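All remarks here apply to the structure that follows.
The values are calculated or read from the model by the stated rules, or taken from the named source; none is laboratory data. Since the model is a prediction, treat every value here as computed from it, not as a measurement. Backbone-built Cβ (ideal geometry, glycine too); neighbour counts: all protein chains shown. Surface accessibility is based on the protein's heavy atoms, side chains included, excluding ligands, DNA and RNA. Shrake-Rupley method; radii C 1.70, N 1.55, O 1.52, S 1.80 Å.
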Amino acid sequence: MKGCRMKFPWKYFLTVILLVYIVSIYYIHSHVYERVAQLNDNYQNHQISQHPHVPPKQTLPHTRHHSVNAIGSVSFSSLKIAPDKTFTAWSKAKSSFCDDNFIGYDNLFAYLRNAYLDPSFSSGRLGGEAIESVLNQPEEKEFLVLKIGYFQINCKDDEVFKYRFKRGDHLVKWISVLRPALETTSREYINTLTIAVTRYEYANVYHTMTDWYNAFLMLVFFNVQSLSANILFVDSHPLGGLDTVWTTLFGRVVRAGQLQQALHFDTLIWNIQGYKSPMYHHDLPSIPHIEPFRIFFLRKHNIPDNKILNCDKLLIRFLWRRDYVAHPRNPKGTVSRKVKNEKEIEDSVAKLYPNHLIESFQTENMSMTDQLSAIVNTDILIGMHGAGLTLALFLPKHAGLIEIYPKYWSSDNAHFRAIARWRNLHYIHWQNVESKNEFTNHYTYVPPSVVHRLLSTTILNMCKAQKGHS
């Protein structure tokens, strides 16, 4: 019609533009996602290629967590695992039997495929009882009696049964009861990686830390990307205050003494004995992956690690030892190496350093999460030689550790001096040499002037190091 102009269809035009935008975003997102997945696959393949000790023809299962606690997340790549000479030595000392169904490493630990456990070839207590119900229980009651056939594998090679572990290791007993698989009517199939552990001083945080560390090393050595596994306690210990930490760190925990049915494991690792742990070799200048283990432990407990050294306001913490019941053979809970004059020391240090924070704590009534929360914010930790000083593993990298020994306890016990060396902490110790400072019930009087001198030296070294890096 003359004089009329066609209106431009803006509504449809904008709809088309919007659709093109949505399609473009989807395409870009898909492309980026595929590229990231490809890079991740390349990285994991690279990781596996860097670990010749990972058994061939086997994809390690990614295990699930079963926990009563909230578990923090940590990725394998974030640990920044570097090549390690200990791992290389273990890998070179590998002995394989039974078509790779049994692989022993350096006579220290073993990797089993298609392994079986039959509880009918064992006897002993169930384990996991309340400590009050087993007071004064002999220690031998807390270990299972294993008979030939307890462990089984598919094998026609008699040589595996001649494999020898290190003297004094419970794995010597385990391999002595290992036999070719028998016909069993019913077995529960476990398709997740399982680490078998026999614990000894299960209520002692230092010795339990060696077990945790060993299990972590197994995950790293075998390149278990999920950083999780089932844990099998091959012992009969009662409930302990550290038991739940196993679940938080690794996943599901099973007590062998409570099993009623035979199990078939897709993959079973015989863990390094606690006393054979690299952590137990106190003279070593370093041990494998101690910093990644620290990161793993903290992140599994959801503990942030961002403490920055401020020499104008330090946090100095005293760790005091007190009597408490930890296991059946000490029903009165008596402990040694206690400080007689705790308050005098705290008050004098607070007066000497009014600008610093002075605090004290005892670990026996604290959860592991609360202990870690306290320790990662501590600049200087002071305490008597004792298992609680194992927490020095989780001190900030700049921190200091002051260790005190009574007259009756040898300073050759270097557990925590070694931890300080491995972590490059500022370490100093003092030992009482005067009998007049020793009192009944294992109390030691520590002169406040001694603590002042130890603190002064530690603060000087710590803050000098900070200036050197600034």
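Identify all residues within segment 106-121 that are aromatic (F, W, Y) and open to solvent by less than 10 Å² (accessible area, probe 1.4 Å); write none if there are none.
F109, Y111
Check off (1) open to solvent by less than 80 Å² (accessible area, probe 1.4 Å); (2) out of contact with any strand residue (DSSP E or B) (no Cβ under 9 Å at 6 or more places or on another chain); (3) under 17 Å from D235 (Cβ atoms) for L135 and give me the number that stays unchecked.
The number of the failed condition is (3).
For segment 293-321, which residues satisfy the criterion of being under 17 Å from D370 (Cβ atoms) and either β-branched (V, I, T) or touching a strand residue (DSSP E or B) at 6+ places or on another chain (Cβ under 7 Å) (or both)?
Within segment 293-321, the first condition is being under 17 Å from D370 (Cβ atoms), and the residues that meet it are 297-305, 307, 315, 317-320.
Of everything in segment 293-321, those that are under 17 Å from D370 (Cβ atoms) and either β-branched (V, I, T) or touching a strand residue (DSSP E or B) at 6+ places or on another chain (Cβ under 7 Å) (or both) turn out to be I303, L315, R317, F318, L319, W320.
Touching a strand residue (DSSP E or B) at 6+ places or on another chain (Cβ under 7 Å), open to solvent by 10 Å² or more (accessible area, probe 1.4 Å) and basic (K, R): is that true of R337 in this structure?
Taking the combined requirement at face value, the residue satisfies it.
Within segment 264-292, count every residue that is open to solvent by less than 40 Å² (accessible area, probe 1.4 Å) and of a type in the set (G, A, S).
2
Filtering segment 241-280 down to residues that are in a loop (DSSP other than H, G, I, E, B) and within 20 Å of H170 (Cβ to Cβ), which residue is farthest from the chain's Cα centre (by Cα)?
The qualifying residue farthest from the chain's Cα centre (by Cα) is L259.
Quick one: which of A215, A196 is buried (at least 18 other Cβ atoms within 10 Å of the Cβ), under 23 Å from the mean Cα position of the chain (by Cα) and in a strand (DSSP E or B)?
Details: A215 fails: in a strand (DSSP E or B).
Only one candidate passes the filter, namely A196.
Considering only segment 179-187, I want to know if a residue exists there that is small (G, A, S) and part of a helix (DSSP H, G or I).
No: zero hits.
Quick one: in segment 76-90, which of the residues that are touching a residue at least 60 places away in the same chain (Cβ under 8 Å) and among the hydroxyl-bearing types (S, T, Y) is farthest from H289 (Cα to Cα)?
Taking the candidates together, the pick is S78.
Mind listing just one residue for me: the one in segment 294-333 that is among the polar types (S, T, N, Q) and open to solvent by 60 Å² or more (accessible area, probe 1.4 Å) and, of those, farthest from I459 (Cα to Cα)?
Looking at the filtered set, the residue picked out is N302.
Do we have S96 as among the hydroxyl-bearing types (S, T, Y), open to solvent by less than 40 Å² (accessible area, probe 1.4 Å) and over 30 Å from K300 (Cα atoms) here? Break it down stepwise before answering.
Working: among the hydroxyl-bearing types (S, T, Y): yes; open to solvent by less than 40 Å² (accessible area, probe 1.4 Å): no; over 30 Å from K300 (Cα atoms): yes.
So S96 fails the test.
Mind counting the residues in segment 458-470 that are in a helix (DSSP H, G or I), open to solvent by 50 Å² or more (accessible area, probe 1.4 Å) and of a type in the set (S, T, Y)? Let's see the steps before the verdict.
At the first step, the residues of segment 458-470 found to be in a helix (DSSP H, G or I) are 458-469.
From what's left, open to solvent by 50 Å² or more (accessible area, probe 1.4 Å): 460-461, 464, 466-469.
Narrowing further to those that are of a type in the set (S, T, Y): none.
So the count comes out to 0.
Give me the strands (runs of 3 or more DSSP E) completely within segment 371-452, filtered to those with at least 3 residues that are surrounded by 21 or more Cβ atoms within 10 Å (Cβ to Cβ), ordered by residue number.
Because the criterion is at least 3 residues that are surrounded by 21 or more Cβ atoms within 10 Å (Cβ to Cβ), the strands (runs of 3 or more DSSP E) in segment 371-452 that meet it are 380-384, 400-405.
Determine which member of the set F151, F165, F143 is hydrophobic (A, V, I, L, M, F, W, C), open to solvent by 30 Å² or more (accessible area, probe 1.4 Å) and either modelled with pLDDT of 95 or more or within 19 Å of F109 (Cβ to Cβ) (or both).
The unique qualifying residue is F143.
Might you check whether a residue that is in contact with a Ser or Thr (Cβ under 9 Å, 6 or more places away or on another chain), part of a strand (DSSP E or B), within 30 Å of T440 (Cα to Cα) and touching a residue at least 12 places away in the same chain (Cβ under 8 Å) occurs anywhere in segment 346-357?
No; the residues of segment 346-357 include none that is in contact with a Ser or Thr (Cβ under 9 Å, 6 or more places away or on another chain), part of a strand (DSSP E or B), within 30 Å of T440 (Cα to Cα) and touching a residue at least 12 places away in the same chain (Cβ under 8 Å).
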